[in-house]
Every structure is written in structure tokens, then in C-alpha cells.
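Engineer: Structure below; questions to follow.
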Amino acid sequence: MITKSEIAKVLEEIAFLLALKGENPFKVKAYSKAARIIRNLPEQPAALAEKGALTEIQGIGPTLAGTITELITSGSSRLHQELRAPYPSTVLENLLKLAEVPGLGPQHVGLIYERLGVATVGELQYAGVENRLAELPGFGKKTQEKILAGIQRFQRHQGNRLYADVIGEAEELLLALRAVPGVQRAEFAGALRRKNELVQNFSFVLAGEESLHERVRSVPGLQRMVVEKSGTASAVSVQGLPVEFNIVPEQNYGWELFAATGNPQHVEAVTQRLTSQESFDTEQAVYAAAGLSWVPPEMREGYGEVELAMAGQLPSLVETSQVQGIFHNHTVYTDGSATVEQMARAAQALGYRYIGISDHSQSAYYVHGLKEDRIIAQREEIEVVQAKLPGIRIFKGIEADILADGSMDYPDDILASFDFVIASVHSRFNLSEEDQTRRLCRALTNPYVTMLGHATGRLLLSRDGYRVDMRKIIDTAAEQDKLIEINASRHRLELDWRWCRYAKEQGVKFSINPDAHSTEELRNIPWGINVARKGGLTATEVINTLPVGKMAAYLQARRPNLVL
Ligand SMILES: [Zn+2]
Ligand SMILES: [Zn+2]
């Protein structure tokens, strides 16, 4: 049977091949969006197809449903076959890889391949060094430089994948493994189980007979399985990640899972406290023998969690279900794809009791940041929607740019009129560390600012954050009683968890925000929860676990009266 990940992969390739051909971008988007939807689908597409219910999934129209049904029934898609016919399969694989270079879209890739015959990252770099990219239509020297810089970044990050991009496939594999006869227990290990923002491979620990790998071989979605030595095997996932299996006897499963999960510092610190090397069938037993309570996998990073466990002070980590509402959501007023009403309804359907709308401010000209008249128009619209939807409170906010000198993008009288203000940097990333730090700290002293958005502006695997003295920024936020955002977009995931604990110790509270530009992205919160849990945060430190009434009061209490 074809797996969700395999269906998603074909849809993604269709999107890529359409883009390569220079087809309508909306069509391209529809296929790549469908790939994401299928990958994250809680149920099996085959079951839905049987009921004829595929088109009931938002984002799946009749054409897409047809392609998916064809894949389920015949294992392949005619459209896909037709599109890929001109490319030998190794070329296609290489071109897909090429499109991962930051700054290179599929259309560029198509042109580069067609004109220069370049199909690999190495060839691309060589073409750039020889100045051949600059001469392509629409490229120029600047684009060439950007591509060369992108290649360097790509090479640095090679092998790393965003957690949110691969967890769907990993979960599907885990379910399939648990269903294999003879598998007594199965769990993720390594960075995947620690829910790190980036993962390089899938690692599983299975309890069962040594000969189990023969049956594991039959799990759909595993390619090129190799048995390496007794008890270990490796394969490649549909999305191209290396998969490692550790098959262990059940009576020592707890030890093996423990040893394969934590990073080396954590494992070392716990192991040192053990007096004898015995078998442990559960992880709880390992920690108990070390005189510790069980440490949640997310925290096993050697970041002081063993000391907390020794002192009996492990926090009770915040959970997704505790989040009551969500701030930082964009709409069609700027670069979002949904209206205020669509966003509010979708948030309500996800069980949230409040939503904060915050589009971009005026100096963000590239996304039509809001001028005063548009702010007023949006407020009126929010009031109309609010009257229709009494079940969800809509807060009126703004994501205001922090200008280069640290002042905010609106005068005080406008800032004072919002329920909340997110202060974010969207320009001038290249200031010196000192100037950038001063800029952010000044924004945090603005009485109308509620929280700091995406603290360093990093985009995982594509853009490094701007240089700042994070300690100073956290200290200022603490002193000024400002929130710091945990941006839950899979590409951002900051404040980085490595700083959360320090911030918590200074008394800083956080808001876990989806930074949603579509109704689909309202589902980002679990990625932000991963960051919070890794950083040791409890619900008390996450402001948007407050119920709606308390949240409104919190915001109200922090809106200073306008001083004229
Ligand atoms: Zn932003
Ligand atoms: Zn935003």
C-alpha cells in the first residue's frame, strides 16, 4: 500500500516539475500545499478515498483528489509520469536538491539546467565562479553572488531537515513499526525524540528478537534496508532521511532507549550516577537507579536538567492543550492569505478562545504595511466579525517595525490605540552587534510595546539571525515587563530554546505565536510548544495559556494612557 509520505512526495514532485516548466504558480502552490496537507493528515488517505471524502479536506479539490485516488489505486500518477519523462531519474533527484539552495527557486533551476546543463550543486558553484550565472536572463551579478552565498549556506546545513517537515513521515513509520508482529515496543530516539528544531536522521529503538529486522524490511516507506550488524539496521526514508534501527531485548529496552535519546552530556551525567550496570526494562527504572526522576526527552540536552532532576525541581512542562489563544496572525490586509473572519473562524474551530490580529506596519512597504486609514478599516471589520462570532475574542494588534534607531514605526497615539503591539525587526539586519542590541532594547523600553517578535530574525537553514547581545535584550525585557515571542513558524522557532531558561530565571514571560499567514499556519503552535518544553517552560511562563478574561485584563493593565 502506498504511504502518506509517498503520496506527499509525488505531489511535491509534481509541484516542482510544474514550476520547472514555468507553469501557473497557483497550480504549483496547490500541489505543494496538498503534499503538506496529506503528510499531516491524521487519517489514512486510502480510507478517505474509499468513502469518496477526499474533497472534504480543505485544500483538496476534485483534480487533486483524482491524482491522490489514482496513486492509491495504481501506485502511480499519469501526470507525474508525463512531467518527469524528460528527466532521467538521477537528474530529477539532483535538480530537487538544487532547488534547496537558498535563493534558488524551481524556475531558476529549470533555466539553469536548460541553458547551462547544470544539475548539481557542485556544477552550480563552478558556473557561478566562472561568471556564467550572471549572464542568464534575469540573473545579473547580484543574483549570482546571492546564489554563491546560498550554496555555502546549503553546504553548511546539508543533511539537516526542519523537524516539522519530517515528523509526519516519522510518525507514520513509528505506527507501521509498532504494527509489525514481534515488535513489543517501539519509540523514536535521538534528536527526533528530543524534538530538536533540526533533525538529520530517524532513529528508532525496537524491543524484540534479533531476527526482527527481516520483518521490519517489509514496512512500507523504507528503502534500501541494510542489516549492519546484529541488532542494528539502516534504511532510507521516502523523504530521503537515513533511518536507523536499534533492535534490543525487551528486558533492557529502557536502558537502550535512554542511551539512544539524550545527547552525550546528558547520558554521561546520568550514567555517572549509576552504581551498577544492570538491565532496565523502562527508562523510569534507569533514572530511579540514578536517584533521579524521569527527565522529559525534550530536556535531555545537558543544559542543567540533571541538576534540576537532582534537586527535585524538574518543571512540569507546558503542553499544547494548555494554549488558550494565539497572537501574531496576518490577514489579507498585508501578506496573509485569509480574511479576519476566516482566521477567527479557523482559530475557533481549533479550540482557541482568542485570536490577536497583527498585520504589518506602514514602513513594511513590500507587503503594503498598514497606513492609518487601513488600520481604521481593519478595526471596523474586526468589530463586525466580533459581533458575528461571540465564541472567540478578537484582539486588535499590530506587528510594528522597529526602525533602525529603535523607535517604532507609528507615533504614540496610534500605538496606544491597539490592544497589543508586537515589535519586530524586518530591515537593516546588518547593524553591528552593539547597534542592533541598542535598537532592540530601545524598542523594549517603549511603553506601548507588548512583546518582542522573532528575536533574531533567523530563518532555519536559510538565514542566520542578526547579531545581538541576547543576554542584554532578555535583561531589558525582564526589567520592562515585556513578553518575548516564541515564534512557532517551523523556520523561525525563536526565542531559541537555549535562551529560554535564562529568560525564565530573569522573570520573563513568553507568548507562543503562530506568525500565521494562512488558516493552515494557525496549526503552528505545537512547534512552538516544542521550543518551550526544551527550554523548560511551564504554563505559568507562557502568557497565552491564560483564559480569555485574564488575558484581556493582562493586556488592559499594560496599556498606558496616552501622555500628550
Ligand atoms: Zn515579522
Ligand atoms: Zn509576522
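The values are calculated or read from the model by the stated rules, or taken from the named source; none is laboratory data. Owing to the predicted nature of the structure, the values given are computational and were not obtained by experimental measurement. Glycine gets a Cβ as well: all are built from the backbone with ideal geometry, and neighbour counts include every protein chain shown. Note: accessible area is taken over every heavy atom of the protein model, side chains too, but ligands, DNA and RNA are not part of it. Shrake-Rupley method; radii C 1.70, N 1.55, O 1.52, S 1.80 Å.
Engineer: What about residue 280, is it outside any loop (DSSP other than H, G, I, E, B) and either under 21 Å from residue 497 (Cα atoms) or outside the structural domain of residue 533 (by TED's automatic domain parsing) (or both)? Talk me through it step by step, then tell me what you get.
Structural biologist: Numbers: outside any loop (DSSP other than H, G, I, E, B): no; either under 21 Å from residue 497 (Cα atoms) or outside the structural domain of residue 533 (by TED's automatic domain parsing) (or both): yes.
Answer is no for this residue.
Engineer: Can I ask one more? Among 49, 34, which is buried (at least 18 other Cβ atoms within 10 Å of the Cβ), in the same structural domain as residue 84 (by TED's automatic domain parsing) and out of contact with any Phe, Trp or Tyr (no Cβ under 6 Å at 6 or more places or on another chain)? Walk me through it before giving the result.
Structural biologist: Values: 49 fails: buried (at least 18 other Cβ atoms within 10 Å of the Cβ).
Among 49, 34, only 34 is buried (at least 18 other Cβ atoms within 10 Å of the Cβ), in the same structural domain as residue 84 (by TED's automatic domain parsing) and out of contact with any Phe, Trp or Tyr (no Cβ under 6 Å at 6 or more places or on another chain).
Engineer: Could you grab the pairs with beta carbons closer than 6 Å, sequence gap of 6+ or different chains, first residue in segment 536-564 and closer than 23 Å to residue 411 by Cβ and of a type in the set (Phe, Trp, Tyr), second one modelled with pLDDT of 95 or more and crowded, with 16+ Cβ neighbours inside 10 Å?
Structural biologist: none
Engineer: Quick check on my filter: what residues within segment 541-560 are open to solvent by 20 Å² or more (accessible area, probe 1.4 Å) and outside any helix (DSSP H, G or I)? Give the steps one after another, and end with the answer.
Structural biologist: Keep residues of segment 541-560 that are open to solvent by 20 Å² or more (accessible area, probe 1.4 Å), which gives 541, 545-550, 552-554, 556-560.
Matches in segment 541-560: 546, 547, 558, 559, 560.
Engineer: Within the group 508, 468, which residue is more than 15 Å from ligand 2 (Cβ to nearest atom), in a loop (DSSP other than H, G, I, E, B) and either open to solvent by 10 Å² or more (accessible area, probe 1.4 Å) or out of contact with any helix residue (DSSP H, G or I) (no Cβ under 7 Å at 6 or more places or on another chain) (or both)?
Structural biologist: Values: 508 fails: either open to solvent by 10 Å² or more (accessible area, probe 1.4 Å) or out of contact with any helix residue (DSSP H, G or I) (no Cβ under 7 Å at 6 or more places or on another chain) (or both).
Among 508, 468, only 468 is more than 15 Å from ligand 2 (Cβ to nearest atom), in a loop (DSSP other than H, G, I, E, B) and either open to solvent by 10 Å² or more (accessible area, probe 1.4 Å) or out of contact with any helix residue (DSSP H, G or I) (no Cβ under 7 Å at 6 or more places or on another chain) (or both).
Engineer: Of everything in segment 353-379 that's away from ligand 2 (no atom under 16 Å from the Cβ) and in contact (Cβ under 8 Å) with a residue 60 or more places away in the chain, which residue is farthest from residue 485 (Cα to Cα)?
Structural biologist: Filtering segment 353-379 for residues that are away from ligand 2 (no atom under 16 Å from the Cβ) and in contact (Cβ under 8 Å) with a residue 60 or more places away in the chain, the one farthest from residue 485 (Cα to Cα) comes out as 353.
Engineer: Something else about it: Suppose we filter segment 91-122 for residues that are in a helix (DSSP H, G or I), within 13 Å of residue 148 (Cβ to Cβ) and touching a residue at least 40 places away in the same chain (Cβ under 8 Å); how many remain?
Structural biologist: Final tally of qualifying residues: 0.
Engineer: Restricting attention to segment 504-521, which residues are within 16 Å of ligand 1 (Cβ to nearest atom), in contact (Cβ under 8 Å) with a residue 60 or more places away in the chain and not hydroxyl-bearing (Ser, Thr, Tyr)?
Structural biologist: Once the filter is applied, which keeps residues that are within 16 Å of ligand 1 (Cβ to nearest atom), in contact (Cβ under 8 Å) with a residue 60 or more places away in the chain and not hydroxyl-bearing (Ser, Thr, Tyr), segment 504-521 yields 512, 513, 514, 515, 516, 517.
Engineer: Of the residues 84, 78, only one is within 27 Å of residue 5 (Cβ to Cβ) and either open to solvent by less than 60 Å² (accessible area, probe 1.4 Å) or in contact (Cβ under 8 Å) with a residue 40 or more places away in the chain (or both); which? Please lay out each step first, then the result.
Structural biologist: Details: 78 fails: either open to solvent by less than 60 Å² (accessible area, probe 1.4 Å) or in contact (Cβ under 8 Å) with a residue 40 or more places away in the chain (or both).
Result of the check over 84, 78: 84.
Engineer: Right, another one. For segment 344-387, name all the residues that are away from ligand 1 (no atom under 16 Å from the Cβ), outside any strand (DSSP E or B) and hydrophobic (A, V, I, L, M, F, W, C). Show your work before the answer.
Structural biologist: Quick first cut of segment 344-387, residues away from ligand 1 (no atom under 16 Å from the Cβ) only: 344-355, 371-387.
Checking the rest, the ones that are also outside any strand (DSSP E or B) come to 344-353, 371-387.
Within segment 344-387, 344, 346, 347, 349, 350, 375, 376, 377, 382, 384, 385, 387 meet the criteria.
Engineer: Give the number of residues within segment 380-401 that are more than 13 Å from ligand 2 (Cβ to nearest atom) and either within 21 Å of residue 366 (Cβ to Cβ) or exposed (fewer than 15 other Cβ atoms within 10 Å of the Cβ) (or both). Outline the logic, then answer.
Structural biologist: In the first step, residues of segment 380-401 are kept if they are more than 13 Å from ligand 2 (Cβ to nearest atom); the result is 380-396.
From what's left, either within 21 Å of residue 366 (Cβ to Cβ) or exposed (fewer than 15 other Cβ atoms within 10 Å of the Cβ) (or both): 380, 383-384, 387-388, 390-391.
Number satisfying all stated conditions: 7.
Engineer: Right, another one. In segment 319-338, which residue that is open to solvent by 20 Å² or more (accessible area, probe 1.4 Å) and touching a residue at least 40 places away in the same chain (Cβ under 8 Å) is farthest from the chain's Cα centre (by Cα)?
Structural biologist: In this case the residue turns out to be 333.
Engineer: Which number in (1) open to solvent by less than 30 Å² (accessible area, probe 1.4 Å); (2) more than 16 Å from ligand 1 (Cβ to nearest atom) marks the one condition that residue 316 misses?
Structural biologist: Residue 316 satisfies all of (1) open to solvent by less than 30 Å² (accessible area, probe 1.4 Å); (2) more than 16 Å from ligand 1 (Cβ to nearest atom) except (1).
Engineer: Related question: Could you run through segment 419-446 and say how many residues are within 22 Å of residue 376 (Cα to Cα), in a loop (DSSP other than H, G, I, E, B) and within 16 Å of ligand 1 (Cβ to nearest atom)? Walk me through it before giving the result.
Structural biologist: Filtering segment 419-446 down to residues within 22 Å of residue 376 (Cα to Cα) leaves 419-424.
Those still in the list that are in a loop (DSSP other than H, G, I, E, B) too: 419.
Filter once more, so that each one left must be within 16 Å of ligand 1 (Cβ to nearest atom): none.
Adding up the residues that qualify gives 0.
Engineer: Mind telling me which of the residues 403, 431, 459, 415 ends up being assigned by TED's automatic domain parsing to the domain that holds residue 345 and under 26 Å from the mean Cα position of the chain (by Cα)? Give the steps one after another, and end with the answer.
Structural biologist: Numbers: 403 fails: under 26 Å from the mean Cα position of the chain (by Cα); 431 fails: under 26 Å from the mean Cα position of the chain (by Cα); 415 fails: under 26 Å from the mean Cα position of the chain (by Cα).
So the residue among 403, 431, 459, 415 that is assigned by TED's automatic domain parsing to the domain that holds residue 345 and under 26 Å from the mean Cα position of the chain (by Cα) is 459.
Engineer: Would you check which residues across segment 328-342 are within 16 Å of ligand 1 (Cβ to nearest atom) and outside any loop (DSSP other than H, G, I, E, B) and list them?
Structural biologist: Answer for segment 328-342, where residues must be within 16 Å of ligand 1 (Cβ to nearest atom) and outside any loop (DSSP other than H, G, I, E, B): 328, 329.
Engineer: Would you confirm whether or not segment 520-532 contains a residue that is within 16 Å of ligand 2 (Cβ to nearest atom), surrounded by 19 or more Cβ atoms within 10 Å (Cβ to Cβ), part of a loop (DSSP other than H, G, I, E, B) and not charged (D, E, K, R)?
Structural biologist: No, segment 520-532 has no match at all.
Engineer: While we're looking at this one, here's another question. Taking residue 476, is it over 20 Å from residue 406 (Cβ atoms), among the hydroxyl-bearing types (Ser, Thr, Tyr) and either surrounded by 22 or more Cβ atoms within 10 Å (Cβ to Cβ) or away from ligand 2 (no atom under 16 Å from the Cβ) (or both)?
Structural biologist: Working: over 20 Å from residue 406 (Cβ atoms): no; among the hydroxyl-bearing types (Ser, Thr, Tyr): yes; either surrounded by 22 or more Cβ atoms within 10 Å (Cβ to Cβ) or away from ligand 2 (no atom under 16 Å from the Cβ) (or both): yes.
No, not satisfied.
Engineer: Now for a different question. Going by the structure shown, is residue 206 modelled with pLDDT of 90 or more and under 19 Å from the mean Cα position of the chain (by Cα)? Talk me through it step by step, then tell me what you get.
Structural biologist: Values: modelled with pLDDT of 90 or more: yes; under 19 Å from the mean Cα position of the chain (by Cα): no.
For residue 206, the condition - modelled with pLDDT of 90 or more and under 19 Å from the mean Cα position of the chain (by Cα) - is not met.
Engineer: If you don't mind, another one. Counting only residues that are open to solvent by 30 Å² or more (accessible area, probe 1.4 Å) and closer than 22 Å to residue 254 by Cβ, give me the helices (runs of 4 or more DSSP H) lying completely in segment 123-227 with at least 2 of them. Walk me through how you get there before you give the answer.
Structural biologist: Working: elements: 140-157, 163-178, 190-193, 213-216.
Hits in segment 123-227: 163-178.
Engineer: Out of all the residues in segment 485-503, is one or more within 16 Å of ligand 1 (Cβ to nearest atom), open to solvent by less than 40 Å² (accessible area, probe 1.4 Å), within 19 Å of residue 438 (Cα to Cα) and not in a helix (DSSP H, G or I)?
Structural biologist: Yes, the conditions are met somewhere in segment 485-503.
Engineer: Return the residues of segment 471-484 that are in a helix (DSSP H, G or I) and touching a residue at least 12 places away in the same chain (Cβ under 8 Å); say none if nothing qualifies.
Structural biologist: Of everything in segment 471-484, those that are in a helix (DSSP H, G or I) and touching a residue at least 12 places away in the same chain (Cβ under 8 Å) turn out to be 471, 472, 473, 474, 475, 476, 477, 478.
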